[in-house]
1. Could you tell me which residue of the stretch B:127-150 is surrounded by the most Cβ atoms within 10 Å (Cβ to Cβ), considering only residues that are assigned to a strand (DSSP E or B) and within 14 Å of another protein chain (Cβ to nearest Cβ)?
2. Can you name the number of the only condition in (1) at pLDDT 90 or above; (2) over 16 Å from A:L217 (Cβ atoms) that A:T97 fails?
3. Only one of these conditions is not met by A:G153: (1) surrounded by 22 or more Cβ atoms within 10 Å (Cβ to Cβ); (2) closer than 26 Å to A:T97 by Cα. Which number is it?
4. Since B:S118 meets every condition but one in (1) more than 11 Å from every other protein chain (Cβ to nearest Cβ); (2) under 21 Å from B:N182 (Cα atoms); (3) crowded, with 18+ Cβ neighbours inside 10 Å, which condition does it not meet?
5. Regarding A:A185, is this residue in contact with a Pro (Cβ under 9 Å, 6 or more places away or on another chain), free of Cβ contacts under 8 Å to residues at least 60 places away in the same chain and in a helix (DSSP H, G or I)?
6. Can you pull out the residues in the stretch B:49-101 that are more than 13 Å from the chain's Cα centre (by Cα), away from every other protein chain (no Cβ under 14 Å) and polar (S, T, N, Q)?
7. Taking the stretch B:158-190 as the region of interest, how many residues are more than 18 Å from B:T140 (Cα to Cα) and away from chain A (no Cβ under 14 Å)?
8. Of the conditions (1) part of a helix (DSSP H, G or I); (2) within 14 Å of another protein chain (Cβ to nearest Cβ), A:W121 clears all except one; give me its number.
Amino acid sequence: MDFVGIALSGIVPPLVVSALLLTIGWWPFRRRDAQAPRAWAAPLALGLGTLSACVVLNGWPSLALDVEFKHGLAYVAAVGAGLGCFEASRDRRARTTWLLRGVACVASPFLLLDFAREHQWGSVEGWLWTGGLALALMGLLKTWDAMARQRTGALLPTVWTIAAGASGAALHLAGSSSFGQIAGALATSLGVAAAIALLRPDFTLVRGAVVPFGLLLTALLFGGVFASELPRAAALALLAASVLPGLVLGRIGPARTLPRWIAALVLAFAPTAWPLWSLWTESAASPYAAYD
Amino acid sequence: MQLSLLACAATGALLLSSIGTHASDAPEPASITSAWKVDAAHSSVVFHTQHMGIAKFYGRFNAFEGEIQYDAASPTSSSVGITIDASSIDTNSEGRDKHLRSPDFFSAKEFPEIRFESASVEAAGDAFTVEGELTLHGVTKTIAATFEVVGVAETPRGTKAGFEAKLTIDMRDFGFSFVEKNPGAVGPEVHVVVSVECVGE
């Protein structure tokens, strides 16, 4: 398989899986006056779409808990899809929902970064990192929840497509095409969601889709920082791209005067500019040139 | 590579007997030392693989350490261990080294050590065959290597012995999915040479 083949194998599977699931979930209800679409479609599309790319690119992961980080991403995608479906079928304020979110937020950094606790951190430092990342993940999920409640239609999936796509490019430039491809798969699934949302303006990610997106994006950035060579500041900037439009639009006066789309795109692209430019200039000699 | 260390172990016996033969005032092998340590400053771990089926491409690991225990009376009961810092890979291109350290290849932050532990040493003509477990990229496999004694000498810093081990591994056996997904770009076989100078302890 050549490089084009590898790139396509990270795009085609999530494209097909996500389009299929979202079409089944949303297309029959595309008319505005139709009944509410099937809520499980979006979380399943993001989770299983990304999972399909993980399997095609890296093969089926083993059942061991101490799997290689890139194989662990497949589990994150599966858990995200499952938890997202659960949230889509219930009131997200339910105690069980938050309990499951809490478990997922702790388990993700705890299991994925097992190697860092073993090789990079002392025992106290390891627990501080794990706890801190879990708390940060919980906070991000709440922020993304708020964004999803405020925004319907294609705007939010488009913003998150930009954040995931930029993360993929940054991870690639930071030396890991494996993580970059998975981030590209997540961006592809989000892109399909954005396309569906153009047809169905009341499309929302509020029910269930926040969890698979949040768990996958943060897991990829964990991998970039702790298993690869993505600078921490770059990871923070990429996360900012996913939240900044939601935090700013509608809350800061001047932003209201701009067309919502332009403002959102600018706010999503702006935080990604510095890390991408920085990583691009650092990798003047492409790490892949040797294989060209 | 690590196997050369094994060689150290097994060859300890040879070395000792060699010393005993040519230097009548030299101490008996068993009294010289039973433990050897790799002198990394005078040792090398180099490898080559094929790039796109065109040419052999060479690289090295710059940081490693090893230890050998040998039984002078019974070289086959010797043991060798060597640990290589995966992040020390050096192919004369910082960009490529970064890629090789990444999760696409060695995932050096996740699997920082490449470790070989010998399990058996057998005489094979003038050389030895060492079998043991190689842990690379989080995968442990049993491998075999051949090694030979290059030289032995008494030095102001003690008894030293040089060994060279050669082995070939298939990167696909150790979970290098990049190689599996991109056949022909690099490898899949990697030929490793471990040339070590050991100091008796």
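The values are calculated or read from the model by the stated rules, or taken from the named source; none is laboratory data. None of these values were measured; they are calculated from a predicted model. Glycine gets a Cβ as well: all are built from the backbone with ideal geometry, and neighbour counts include every protein chain shown.
1. B:L136
2. Result: A:T97 fails condition (1) only.
3. (1)
4. All conditions pass for B:S118, except number (2).
5. Answer is no for this residue.
6. B:Q69, B:S74, B:T76, B:S77, B:S78, B:S88
7. Matching residues across the stretch B:158-190 total 9.
8. Tallying (1) part of a helix (DSSP H, G or I); (2) within 14 Å of another protein chain (Cβ to nearest Cβ), A:W121 fails exactly one: (1).
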